[in-house]
Amino acid sequence: MLSFFLRRLVIAIPTIILISVFVFGLQKILPGDPLLVLAGEERDPAVLEFLREKYRLNDPIPVQYMTWAGNALGGDLGTSFRTNQPVTELIGQKLPVTIQLALMSLIFAVFIGIPAGIMSAYRKGTVTDYIANIVALSGLSIPNFWLGIMLILLVSVKWQLLPASGYVPLSEDFWLSIKTMLMPAFVLGTALAATLMRHTRSAMLGVLTSDYVRTARAKGLSERKVVLKHAFRNALTPIVTLTALLFGELIAGAVLTEQIFTIPGFGKLVVDAVFNRDYAVVQGIVLVTAVGFIVMNLLADMAYFLLNPRLRSN
């Protein structure tokens, strides 16, 4: 297991380095100068020069990158140009909000997508299969912003069942926080549920026709045990891997949903940073998101290793 993990780690480290170079390089080619905003309307050349020296923008680009990367390794992602707050502090404030949203969305996706995929595969070619595929296609096709707006109009404005927007921390009011997050989590989870349903169906179709499933049926086991214990257990490996990767996508892809429901999370932070040309914040967010995605990929590999006995025997 250790050698398997080390092989994956050897691949992950160069990937993180390439991502950091890409992230740093991109902001250098973006139009506009954030220091022009900081310098005020008069834009005194002396003030501009002071700011360039303060943020070391007069150094050669390779030196700037090495300085930024070295600080990032030490946990220092820089300081926001707009608020003068450390980027790590801003991320620490916003990341728990997005993680809560991502976890709740993943719960919706798992509890909708996996049962639907199992039923669709087990009843292949029936009305149940066609309905499940239509629902999955709808989940992939309906834009999140449209579904979010429709839910706000119906559930919040017309029926007044759930809050329309905002965020309440779990530490302040647990149940109100859950209620506030239900709609955005459902909106974000529907497309992922559709993806999960299609992959679960494909994996189940592959194992339902296998020899060991036919043997289990020949032994007289109930269909429930055949499907859930034998078929689903062997189809679980790609599903677990996909679920781990989807969680990474949820954290990175919550931008639009957080904007619609006015959730002060990671997505809103990066949108505000882009509009304000706060490149230090943008760099920090993209780097943390990329590293988080790689970590989820590593966890998915480890789950694959634990679920697949053939890998453990090598």
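Some notes on this structure:
- In segment 228-241, the condition of being open to solvent by less than 50 Å² (accessible area, probe 1.4 Å), in contact with a Lys or Arg (Cβ under 6 Å, 6 or more places away or on another chain) and in contact (Cβ under 8 Å) with a residue 12 or more places away in the chain is met by no residue.
- Residues of segment 80-92 that turn out to be surrounded by 14 or more Cβ atoms within 10 Å (Cβ to Cβ) and within 22 Å of the chain's Cα centre (by Cα), as a count: 4
- Within segment 128-140, considering residues that are modelled with pLDDT of 85 or more and open to solvent by 100 Å² or more (accessible area, probe 1.4 Å), the one farthest from VAL227 (Cα to Cα): ILE134
- TYR304 fulfils the conditions (1) open to solvent by 20 Å² or more (accessible area, probe 1.4 Å); (2) over 30 Å from ILE17 (Cα atoms) except for a single criterion, (2).
- Verdict on LEU182 being touching a residue at least 12 places away in the same chain (Cβ under 8 Å), open to solvent by 30 Å² or more (accessible area, probe 1.4 Å) and assigned to a helix (DSSP H, G or I): yes
- Qualifying positions in segment 141-175 - assigned to a helix (DSSP H, G or I), surrounded by 15 or more Cβ atoms within 10 Å (Cβ to Cβ) and of a type in the set (A, V, I, L, M): LEU147, LEU151, ILE152, VAL155
- Qualifying position, being under 30 Å from VAL168 (Cβ atoms), part of a helix (DSSP H, G or I) and open to solvent by less than 70 Å² (accessible area, probe 1.4 Å), among LEU51, LEU77, LEU101: LEU101
The values are calculated or read from the model by the stated rules, or taken from the named source; none is laboratory data. None of the values given here were measured: they were computed from a predicted structure. Cβ sites come from the backbone with ideal geometry, for glycine too, and all protein chains shown count toward neighbours. For the accessible areas, the whole protein counts, side chains as well, though only heavy atoms, and no ligand, DNA or RNA atoms are used. Shrake-Rupley method; radii C 1.70, N 1.55, O 1.52, S 1.80 Å.
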